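The values are calculated or read from the model by the stated rules, or taken from the named source; none is laboratory data. Because the structure is predicted, anything quoted here is derived from the model rather than measured. We place every Cβ from the backbone using ideal geometry, glycine too, and count neighbours over all the protein chains shown. Accessible surface is based on the protein model in full, side chains and every heavy atom, while ligands, DNA and RNA are left aside. Shrake-Rupley method; radii C 1.70, N 1.55, O 1.52, S 1.80 Å.
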Amino acid sequence: ITYGITDFESHVEPSEDDPMEVLELLASRNLTGTLARTTLGAALKPATPEDRELFRRILRKDLRCGVGPALVELLYPGLLRQFGIMRADKFKSLVRGAHYYIEPKLDGLRAVSIIEKRRVTILSRNGHEFTSSDHLKPQLLDLMGGQDGVIDGELKNGVFNQSSSAVRKKSVQNDGTVLHAFDFMTLDEWRNPTRGYVYRRRDLTGLFRTPQKYPGLLLVPSYPIFNEDEAYKYYHKFLDDGDEGAIVKRGDGTYHQRRHRDWMKMKAVLRLII
């Protein structure tokens, strides 16, 4: 959660506002700038110095107190939800009888777009917010048609080095950055994955009924495969097209927020022979 300010005014008259309710106004951006700092400062004026310091740390995302997530999880199992995305294992073989699909592996930056209550947050694979691609947010809201959900994908702006530099800049907007979407979940499903890839993919494809409306959003193609020979044919085609490789996805595989063999990557490896 971001609040738009990193401190509050101390030299103000006290108020009877609830500081937690003020934080909610900050988070929703219904309260910003100088008014946000003075309103929160007035609400915290009657508080103890310790409480004011706690709120200051909340604003700055600095809650270090000598206690790590492992200890919290031990004392309160399930209280903290670690941010995690699904990652592909190395390609080995296909499970007999299972259905698989293959997609190009793009040479960009992984990005998870969380759409909730008409607000869009675009996060990196480690849960850090991308702030240079705000031009994508109205398109994502329109694509979702008012519903909440999570779109997993890849941000690209030219080749990888260009993408990395452009997307990571915090003070510069890069309108040339494009989001290539390859997975979709409802918010409930993001928190508790239950459905297989084919159902998530069907819903994602349904969102792109009019792709020409969204110049910054592209749907990553997906193809059914029935054996490993087909997987390698697509893999070499993707390489010829300039992609990094291929991702093989099991049709009935749920979205695991960790590395799992329901997704397998086929990636070219350069070997130096001396």
Exercise for the section: Please go through segment 206-247 and pick out each residue that is of a type in the set (A, V, I, L, M), over 27 Å from Gly145 (Cβ atoms) and either open to solvent by 30 Å² or more (accessible area, probe 1.4 Å) or out of contact with any Lys or Arg (no Cβ under 8 Å at 6 or more places or on another chain) (or both). Expected result: Ile225, Ala231, Leu239
Exercise for the section: Inspect segment 21-40 for any residue being closer than 30 Å to Asp243 by Cα, modelled with pLDDT under 95 and assigned to a loop (DSSP other than H, G, I, E, B) and give the result as yes or no. Expected result: no
Problem - Test result for Asp203, assigned to a helix (DSSP H, G or I) and either open to solvent by 30 Å² or more (accessible area, probe 1.4 Å) or within 20 Å of Arg110 (Cα to Cα) (or both) - result: yes
Problem - Residue in segment 123-130 that is free of Cβ contacts under 8 Å to residues at least 60 places away in the same chain, surrounded by 14 or more Cβ atoms within 10 Å (Cβ to Cβ) and within 20 Å of Asp203 (Cα to Cα) present - result: no
Exercise for the section: Run Thr210 past the list (1) within 18 Å of the chain's Cα centre (by Cα); (2) at pLDDT below 95 and report the number of the one that doesn't hold. Expected result: (1)
Practice task
Tell me the strands (runs of 3 or more DSSP E) entirely within segment 217-263 that contain at least 3 residues that are closer than 19 Å to Glu154 by Cα and under 26 Å from the mean Cα position of the chain (by Cα).
Solution key: 217-219, 245-250
Practice task
Pull up segment 110-119, narrow it to residues that are at pLDDT 95 or above and surrounded by fewer than 23 Cβ atoms within 10 Å (Cβ to Cβ), then point me to the one that is nearest to Leu155 (Cα to Cα).
Solution key: Arg110
Handout entry: Looking only at segment 186-200, and only at residues there that are modelled with pLDDT of 95 or more and either basic (Lys, Arg) or in contact with a Leu (Cβ under 8 Å, 6 or more places away or on another chain) (or both), the one that is surrounded by the most Cβ atoms within 10 Å (Cβ to Cβ)
Key = Arg200
Fill in the blank from the handout: Within segment 58-98, the residues that are over 26 Å from Leu23 (Cβ atoms) and without any contact (Cβ under 8 Å) to a residue 60 or more places away in the chain are Ala70, Leu74, Pro77, Arg96, Gly97
Exercise for the section: From Gln257, Gln212, grab the single residue that is at negative phi and either in contact (Cβ under 8 Å) with a residue 12 or more places away in the chain or basic (Lys, Arg) (or both). Expected result: Gln257
Practice task
Would you be able to say whether some residue in segment 69-76 is at pLDDT 90 or above and open to solvent by 80 Å² or more (accessible area, probe 1.4 Å)?
Solution key: no
Practice task
Can you confirm whether segment 44-58 contains a residue that is at pLDDT below 85, hydrophobic (A, V, I, L, M, F, W, C), open to solvent by less than 90 Å² (accessible area, probe 1.4 Å) and not in a helix (DSSP H, G or I)?
Solution key: no
